[in-house]
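Structure first, commentary second.
The values are calculated or read from the model by the stated rules, or taken from the named source; none is laboratory data. This structure is a prediction, so every number in the text was calculated from the model and none was measured. Cβ atoms come from the backbone with ideal geometry, glycine included; neighbour counts cover every protein chain shown. To get the accessible areas, we keep the full protein, side chains included, count just its heavy atoms, and leave off ligands, DNA and RNA. Shrake-Rupley method; radii C 1.70, N 1.55, O 1.52, S 1.80 Å.
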Amino acid sequence: MARAEHPGVETVVPRTWAELQDLLFSEPWPQRAGRYHSTVVHRGLVCAGYGLLTSLQRLGRLERETDLLRNFRKYSRVPFGRQESDWEWLTLAQHHGLPTRILDWTYSPLVALHFATADVQRHDEDGAVWSVDFVAAHERLPEQVRSALREWGGAAFTVELLGQVAPTLTAFDALDPEPFMVFFEPPSLDERIVNQYASFSVLSSRRERPDAWLTRAEPPLVRKVVVPAALKPLVRERLDQANITERVLFPGLDGLSRWLTRYYSSPPRC
């Protein structure tokens, strides 16, 4: 099977489960990663040909971003005692499937591998795990945004800090004429966010593709590790042994049902 390439993206194709683990877990990549705290986040995709595209961009109605968020706030029950910025609502909307400009990541390579291999009907296709050095991405922030993070003392933003930097998406977009990307940790709305070890990214432009922005940097900030179709069944078995399954990542009866459905599914016919 031909593998789709993404220009400017370092693409690596492991041959074995051991090579795949080494690529996703071994340091130095990046060289600055501390002994216990990596600065890399990961995103697993079932198809290696997929790029990094937000759900809002996939919807194809970028001009409706404000309408989507406004009506989500209008018709949902208020989950916050006091709502001071767009970021709480944007995070909640993304978490519940509304098309937004947010992209989901995880600090866990194994969780990313789950999303690359969970659909057993697509085990005849190569998957991929995209990895980004988010600290290096933050080095390219506008000075006023970078200084806010530096004063905060953390490596990633929170919704509270983003609210201080720019309380609305309009104000966020206006901080700099050139698009920039922020990585932030969502609040623990439920066990799903906690168990998936979630991280979110957001660009200061609804139109800019995340993969295009990441590959324009010099050197590029992103790497793609292909999960070959021939390895997917073995990877899936190893993840199940490690309890990286739907019933853990999606706690509740829905996740249990998804796990049982996959567990008893037949492999695809080639």
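Each residue, Asp124 and Ala212, gets one label point 7 Å from its Cα in the Cβ direction; the gap between the two is 3.4 nm.
Per residue, how much accessible area does the chain show when a 1.4 Å probe rolls over the protein heavy atoms, in square angstrom? Intermediate results must be reported in sequence, preceding the final value.
Numbers: 13720 Å² over 270 residues.
With all protein chains present, the chain gives 51 Å² per residue.
With axes computed from alpha carbons, what is the tilt in degrees of helix 253-263 against the longest principal axis of the chain, rounded to the nearest 10 within 0 to 90? Approximately 30 degrees, to the nearest ten. Entry note, region 153-270: relative contact order of 19 percent, from Cα contacts under 8 Å with a spacing of 6+ residues.
Rolling a 1.4 Å probe over the protein heavy atoms of the chain, with every protein chain left in place, gives an accessible area that is 51 percent carbon and sulfur.
Positive end of the charge dipole of region 114-230 (Lys, Arg +1 and Asp, Glu -1 on Cβ, about the Cα centre): tell me which of Ala230, Leu189, Ser205 has its Cα farthest that way. Working it through, the farthest residue towards the positive pole turns out to be Ser205.
Peptides 12-24, 211-223, 130-142 ordered by packing proxy, namely the average of other Cβ atoms within 10 Å per residue, highest first: 130-142, 211-223, 12-24.
GNM remark for the chain: springs join alpha carbons under 10 Å apart, and the peak mean-square fluctuation among Val248, Val182, Val129 falls on Val248. When only alpha carbons of the chain are considered, Rg and Dmax amount to 18.7, 55 Å.
Tell me, in nm to one decimal, what length is gained between Glu160 and Gln144 on full extension, where the rule is 0.36 nm per residue of separation less the Cα-Cα distance? Please list the in-between numbers first.
Values: separation 16, 0.36 × 16 = 5.76 nm, distance 1.60 nm.
Extra length available between Glu160 and Gln144 comes to 4.2 nm.
Label-to-label distance for Leu189 and Glu10 is 3.3 nm, based on points extended 7 Å past Cα in the beta-carbon direction.
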